[in-house]
1. What number of residues in segment 425-434 are crowded, with 20+ Cβ neighbours inside 10 Å and either in contact with a helix residue (DSSP H, G or I) (Cβ under 7 Å, 6 or more places away or on another chain) or in a helix (DSSP H, G or I) (or both)?
2. Which members of segment 217-266 meet the condition of being among the basic types (Lys, Arg), outside any loop (DSSP other than H, G, I, E, B) and more than 16 Å from Val491 (Cβ to Cβ)?
3. Check off (1) among the aromatic types (Phe, Trp, Tyr); (2) more than 24 Å from Pro204 (Cα to Cα); (3) within 24 Å of the chain's Cα centre (by Cα) for Phe439 and give me the number that stays unchecked.
4. Residue pairs, Cβ under 7 Å, 6 or more apart or interchain, first in segment 332-360 and assigned to a loop (DSSP other than H, G, I, E, B), second of a type in the set (A, V, I, L, M, F, W, C). List them.
5. Every residue in segment 395-427 that is aliphatic (A, V, I, L, M) and more than 16 Å from Ala374 (Cα to Cα), please.
6. For segment 170-196, give me the residue count where each residue is within 16 Å of the ligand (Cβ to nearest atom) and not aliphatic (A, V, I, L, M).
7. Please specify each residue of segment 147-161 satisfying the condition of being surrounded by 15 or more Cβ atoms within 10 Å (Cβ to Cβ) and hydroxyl-bearing (Ser, Thr, Tyr).
8. For residues that are touching a strand residue (DSSP E or B) at 6+ places or on another chain (Cβ under 8 Å) and free of Cβ contacts under 8 Å to residues at least 60 places away in the same chain, scanning just segment 223-278, find the one that is surrounded by the fewest Cβ atoms within 10 Å (Cβ to Cβ).
Amino acid sequence: MPRDEIRREETTWEEIRREETTWEENRRRRRLGRRFVDLDNGDEGDVPSRGDDLGGDWSRRDDVGGDSSTETTWKEVRRRDNGHGGDATVSSQLAMDVDKKDSVASDSSEQVVNPWEVAAKDGGKIDYDKLIDQFGCQRLDDSLIDRVQRLTSRQPHVFLRRGVFFAHRDFNEVLDAYERGDKFYLYTGRGPSSEALHLGHLIPFMFTKYLQEAFKVPLVIQLTDDEKCMWKNLSVEESQRLARENAKDIIACGFDVTKTFIFSDFDYVGGAFYKNMVKVAKCVTLNKAMGIFGFSGEDHIGKLSFPPVQACLSVPAVPSFPSSFPHLFPGKDKLRCLIPCAIDQDPYFRMTRDVAPRLGYSKPALIESSFFPALQASGENGKMSASDPNSAIYVTDTAKEIKNKINRYAFSGGQDSIEKHREIGANLEVDIPVKYLSFFLDDDTELEHIKKEYGEGRMLTGEVKKRLTEVLTEMVERHRMARAAVTDEMVDAFMAVRPLPSMFE
Ligand code: TRP
């Protein structure tokens with residue numbers, strides 16, 4: 001072996017030795033993480049068991065480049081080790097007042113929100129104001145919502161009116177550009193880890209559909225079947241099957257095939273997309289990736305190569321760049337991207353925004369939602385039993401199942417006795433039926449009426465639950481019929497790599 005080869009080898013070994021602390025930390029973290037369970041299929045997950053859950057806090061705030069962001073990452077890892085290790089245990093949209101008893105030596109003095117974990121301080125509620133402050137994103141205030149109304153000439157979606165989507169990054173810039181006549185494109189996604197979707201999973205898709213219609217813009221939807229294959233230990237074929245099954249649910253939300261491209265990573269990654277993956281990967285060192293993803297020496301090298309190349313960097317990052325879709329956006333390298341997602345995904349996109357300027361790309365803008373609570377979540381002493389199908393309403397539930405789940409499990413803010421209820425009324429802050437109605441009951445006047453009557457004790461829990469049962473049964477039934485009408489040919493049509501000539505019309 002030539003001398004310089006040897007020297008290079010030695011450096012490598014030195015590096016590895018230096019990294020041993022990292023491995024130790026990661027092993028420890030992994031052990032902690034094993035205590036968590038994922039809602040998607042109730043299995044015990046490795047850490048991180050959700051592919052999207054790989055992000056890590058790239059940095060607290062945007063625009064922190066270079067070493068400082070690495071340092072923050074390490075601090076974050078240490079903090080997580082300190083009792084916050086583990087999988088988010090729940091899907092990103094269904095939250096997440098995780099049962100504290102499940103976590104190891106949980107340090108609840110701070111709330112934790114990242115793609116792996118959502119935990120409120122002292123088992124209480126997520127403090128979204130604080131989150132905005134910590135993350136350095138912006139609140140979606142009324143003036144922006146008014147602006148959306150003006151620009152689209154339609155009533156803003158209930159998720160905007162009711163503050164479900166409550167934070168953003170550069171959404172104002174996207175609107176400025178739109179006002180000048182420059183359009184943008186939308187990007188969202190799903191990791192196909194389970195067959196049945198619950199209502200929380202539908203929220204970003206319902207909202208994205210509204211944005212697409214209101215702004216008349218194209219949309220790309222990424223199905224990360226590759227990551228689920230690795231993290232859920234599914235076969236390639238099974239992850240691809242799930243991706244197509246999930247695509248049917250997504251299509252059933254009503255997307256316009258002339259403006260929407262749905263792709264599976266297994267099918268689409270290559271060409272221009274792959275080039276961007278490699279460019280992004282080159283911006284991230286192994287050290288950084290290990291800090292973010294918490295690998296141990298026992299992890300297979302597929303996982304090790306996946307995040308730098310895909311999960312954290314390319315899976316969320318690459319679709320944020322228009323040049324990844326040459327059949328859609330040829331010569332439109334400056335087209336802005338707007339990503340609707342739940343706020344636990346923010347760390348990925350902080351990172352994407354950090355890398356973008358280094359590659360000469362625009363930073364994607366974000367519009368971010370709060371979490372959808374589990375049926376049992378009380379908001380005070382939240383409890384989410386991760387493997388329990390009764391903690392969520394699935395789009396496959398029958399009318400009877402929906403009724404049962406709501407009646408038996410939806411946490412009520414009503415009082416124990418009718419007398420007391422009539423006297424002091426319901427505590428709307430912790431009441432799940434009211435919370436769910438505020439997501440899915442479109443009629444503002446009716447919602448206000450229910451809140452007033454129930455809050456002042458004239459309406460009883462049973463009546464509110466009955467109304468919620470009607471609303472959800474109708475919604476699930478509508479979804480079921482729409483999904484039944486989605487054929488394999490339609491899935492193929494949405495997933496075909498093709499130009500979308502009328503995508504801005
Ligand atoms: N990681 C997400 C999940 O597992 C899927 C995803 C990929 C996504 N890209 C996205 C979600 C962009 C929101 C926005 O569900």
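1. Count: 4.
2. First, pick out the residues of segment 217-266 that are among the basic types (Lys, Arg): 228, 232, 241, 244, 248, 259.
Applying the additional criterion that residues be outside any loop (DSSP other than H, G, I, E, B) yields 228, 241, 244, 248.
Scanning segment 217-266 gives a single hit, Lys228.
3. Status for Phe439: all satisfied but (2).
4. Leu335/Phe184; Leu335/Phe329
5. So the first thing to find is which residues in segment 395-427 are aliphatic (A, V, I, L, M), and the list is 395, 399, 402, 406, 410, 418, 424, 426.
Listed by number, the residues that qualify are Ala399, Ile418, Ile424, Ala426.
6. Going residue by residue through segment 170-196, those that are within 16 Å of the ligand (Cβ to nearest atom) are 170-171, 174, 184-196.
Checking the rest, the ones that are also not aliphatic (A, V, I, L, M) come to 170-171, 184-185, 187-195.
So the count comes out to 13.
7. Thr152
8. Gln240
The values are calculated or read from the model by the stated rules, or taken from the named source; none is laboratory data. No experiment lies behind these values; they were computed from the predicted model shown. Every residue, glycine among them, receives a Cβ derived from its backbone with ideal geometry; neighbour counts consider all protein chains shown.
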